[in-house]
1. Gap in Å between the Cα centre of segment 90-146 and the Cα centre of segment 44-58?
2. Using DSSP to define loop residues, name the chymotrypsin sites (Phe, Trp or Tyr not before Pro) in segment 152-207 whose beta-carbon has at most 11 other beta-carbon atoms within 10 Å.
3. Using the Cα centre of the chain as the reference point, and only Cβ charges (+1 on K/R, -1 on D/E), how large is the resulting charge dipole? Debye, rounded to the nearest 20.
4. Order these by the 10 Å Cβ neighbour count, fewest first: Glu173, Glu205.
5. Using packing as a proxy for protection, rank 260-270, 64-74 so that the peptide with the highest average count of other Cβ atoms within 10 Å comes first.
6. Of the DSSP beta bridges with both residues in the chain, give the percent that are antiparallel, rounding to the nearest 5.
7. Out of all DSSP beta bridges with both ends in segment 143-288, state the antiparallel percent to the nearest 5.
8. May I ask you to compute the full-extension gain from Leu45 to Asn150, defined as 0.36 nm times their residue separation minus their alpha-carbon distance, rounded to one decimal in nm?
Amino acid sequence: MLTFIPTIYQIMHYHRRRFLKQAITGAVCISTGNTLKVLGNNFTLPPANKLKLRVAIGSDGHYGEPKTAYEQRHTEMIRLFNAEKADRGVDFAFINGDLFHNDVAFFQPMKKHWDTLTMPYFVSHGNHDMVDEETWTKTFNHGWHYGFENKDIGFVVLNTADVTGKYVSPDVEKTRQLLQQYAKYGQLFVFMHITPIKWTTHAIECPEIVEMFNKQFNLKAVFHGHDHDQDSVKENAGKCYFFDSHISGSWGTDYYGYRILEVMENGEILTYQMNPGAKAQVNSRKLT
Ligand SMILES: [Zn+2]
């Protein structure tokens, strides 16, 4: 399992014991998951008082897509996120790309919806978000590549599309710099709209990015949107890549869902996919 060679930079930032613990457990993607497929509520959540951080993750609202009930879908997903906050708590929401559908006229009306969340939220840029980075930055206070910290946990957001909707690899230098900047945290999560490994029809190959992920010892999981028909997990080199179905849009899983990420005080990580219509978890995965 000791498949990476830590850089001097990483060693400098880590107490030796903490580093050894990460080295031993960091690359393990333990499956409790697909055996927990449920039709009802038979999935037991850890006690809420052991939670350190809880994130609600959705993607692909496609606000403005013709012949879809995008207004209704947004109102409903925001209601669900706000209910999650009132219930078990949500520190922030993440909307993982394709927030609106091609026409920039839908950009600000879409944001007005999300602004009614009762929690802070962050976004990634998707291929249908056809607006320039300057306007995006003015609106969301972040560019297309950025990072943030919450409760001593690192989060890095990468871009996978240009302004015309063409799929692109995240900027390699910006990614390298962000991964290095956030290497000091014990746990790191990445959000990017399009998956960088060609395991779905709509994926793109980003070998340099994947190579960096493989070596990033504190990277615990990568979260994607884009593939509306994917709602589970794929694995590469001990790293987990999660999907979350879709908030709206004309195709995908036969339900509109979202994903929850829970980080416990003891460092355990749990993520599960919700089918709110069935009031059930679709799948779950524990990470260490
Ligand atoms: Zn989409």
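1. About 24 Å separates the Cα centre of segment 44-58 from the one of segment 90-146.
2. Qualifying residues, ordered by number: none.
3. Here the chain has a charge dipole of around 1280 debye.
4. Listing Glu173, Glu205 from fewest to most nearby Cβ atoms yields Glu173, Glu205.
5. On the way: 260-270: 17.6, 64-74: 16.1.
Sorting 260-270, 64-74 by mean packing, highest first, produces 260-270, 64-74.
6. Values: 29 of 49 bridges.
The antiparallel fraction comes to roughly 60 percent.
7. Numbers: 23 of 34 bridges.
Of the beta bridges lying entirely in segment 143-288, close to 70 percent run antiparallel.
8. Answer, rounded to one decimal: 35.6 nm.
Each reported figure results from applying straightforward, stated rules to the coordinates on display, with no laboratory input. Note that the structure is a prediction, hence the values are computed from the model and not measured. Cβ sites come from the backbone with ideal geometry, for glycine too, and all protein chains shown count toward neighbours.
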